[in-house]
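We did not get these values from a lab; they are worked out from the coordinates using the rules stated. These numbers were taken from a predicted model, which means no experiment stands behind them. Neighbour counts run over all protein chains shown; Cβ positions are idealised from the backbone, glycine included.
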Amino acid sequence: MQRLDLSLPTCEENLALDEALLEAAEAGELTDEVLRLWEMPQVVVVVGRSSVVAQEVRLEACRADRVPIRRRVSGGAAVVAGPGCLMYSAVLRYAGRDCLPAIDRVHAQVLAIVQRCLGRLVPGIQHQGISDLALENRKCSGNSVRCKRDFLLYHGTLLYAFDPLLLDRYLATAPRQPAYRAGRTHSEFVINLPADPAQLREALARGFGARQALDRWPSERTAQLLRERYAQESWHFAR
């Protein structure tokens, strides 16, 4: 697996790059699987591909604070990201992974890798709900997936120095809640990992076996997706 440490200047470019990596893998333009490690440059609300913005986001608060609302290519509900929240994106092939591409088994397999990675730094992390990782029964990582013919994109958040009150301010009550949430507010439900971003990056790279740097990332595909989709308000507010 190859490793890409790259955070682009805007949230739109970062979302476009995740999809571009998946598309490049499908087109045979990448020679190996890829693990990308990055952070959003500003606070942003990112909704899932099928999310209804008005149902999941506190629009007035976002407008008042000039917090952008952007849509990713994968499923799941809205999240808040930004500095203090490490993002990881793994582009994985189905071949050689007999439990893929069934979605529940995708989550189980990939989160088992991430859980082992983080467990060396922070003991006690568990897979909870469909696609969460939790510490002390509080969510520290949310994850989602986008599947294509031969490859999938699995990406998620790792909180390490993020203000949980931002979730209360910008997100509405979650439309779907795992049982372990037990009715808690967003800020009561989440927790930061007691680790710094450099430690988290290296733990993930070791766990995924991302040993070789990806020298050339799909910049042209990223720019095309940016023009056609991520720079368009009609994409972000399609629902």
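Which log10 I(q)/I(0) values does segment 2-236 give at q = 0.09, 0.11, 0.17, 0.18 Å⁻¹ under the Debye formula, counting every alpha carbon as one identical point scatterer?
Relative scattering, expressed as log10 I(q)/I(0), comes to -0.34, -0.52, -1.36, -1.54.
For 79, 122, 46, what's the fewest-to-most ordering of other Cβ within 10 Å of each Cβ? Walk me through the intermediate numbers first.
Values: 79 22, 122 15, 46 27.
Least to most surrounded, the residues fall as 122, 79, 46.
On alpha-carbon atoms, Rg over Rh for segment 194-239 using Kirkwood Rh? Walk me through the numbers before you get to the answer.
On the way: Rg = 16.6 Å, Rh = 13.7 Å.
In segment 194-239, Rg relative to Rh is 1.21.
Take the alpha-carbon positions of segment 111-204, form their convex hull, and give its projected area averaged over all directions (one quarter of the hull surface) in nm². Numbers along the way, then the final one.
Numbers: hull surface 27.0 nm².
For segment 111-204, averaging the hull's shadow over all directions gives 6.8 nm².
Sort 169-176, 131-138 by packing, meaning the average of other beta carbons within 10 Å per residue, with the highest value first.
Values: 169-176: 15.2, 131-138: 18.9.
Order by mean packing, descending: 131-138, 169-176.
So how compact is segment 39-78: Cα radius of gyration and Dmax in angstrom?
Values for segment 39-78 (Cα only, Rg and Dmax): 10.0, 27 Å.
In percent, what relative contact order does the chain have, based on Cα pairs under 8 Å that are 6 or more apart in sequence? Display every interim value, and only then the final one.
Numbers: 462 pairs, mean separation 66.3, N = 239.
Worked out over the chain, it gives 28 percent.
State the three equivalent ellipsoid semi-axes of segment 1-88, derived from the C-alpha gyration tensor as the square roots of 5 times its eigenvalues, in descending order and whole Å. Working shown, then result.
Values: eigenvalues 139, 44, 18 Å².
Sorted largest first and rounded, they come to 26, 15, 9 Å.
Within segment 2-236, what percent of beta bridges assigned by DSSP are antiparallel, to the nearest 5? All intermediate terms of the calculation are to be shown ahead of the outcome.
Working: 30 of 40 bridges.
Of all bridge pairs located within segment 2-236, approximately 75 percent are antiparallel.
With a 10 Å radius around each residue's Cβ, average the other Cβ atoms per peptide and rank 60-68, 145-153, highest first.
Working: 60-68: 13.0, 145-153: 18.1.
With the highest mean Cβ count within 10 Å placed first, the list reads 145-153, 60-68.
Using a Gaussian network model of the chain whose springs link C-alpha atoms within less than 10 Å, name the residue from 23, 13, 202 with the highest mean-square fluctuation.
Its mean-square fluctuation being the largest, the pick is 202.
Rank-order 82-88, 216-222, 109-115 by packing density, defined as the average count of other C-beta atoms within 10 Å over each peptide's residues, highest first.
On the way: 82-88: 20.1, 216-222: 16.3, 109-115: 18.1.
Result, highest mean Cβ count within 10 Å first: 82-88, 109-115, 216-222.
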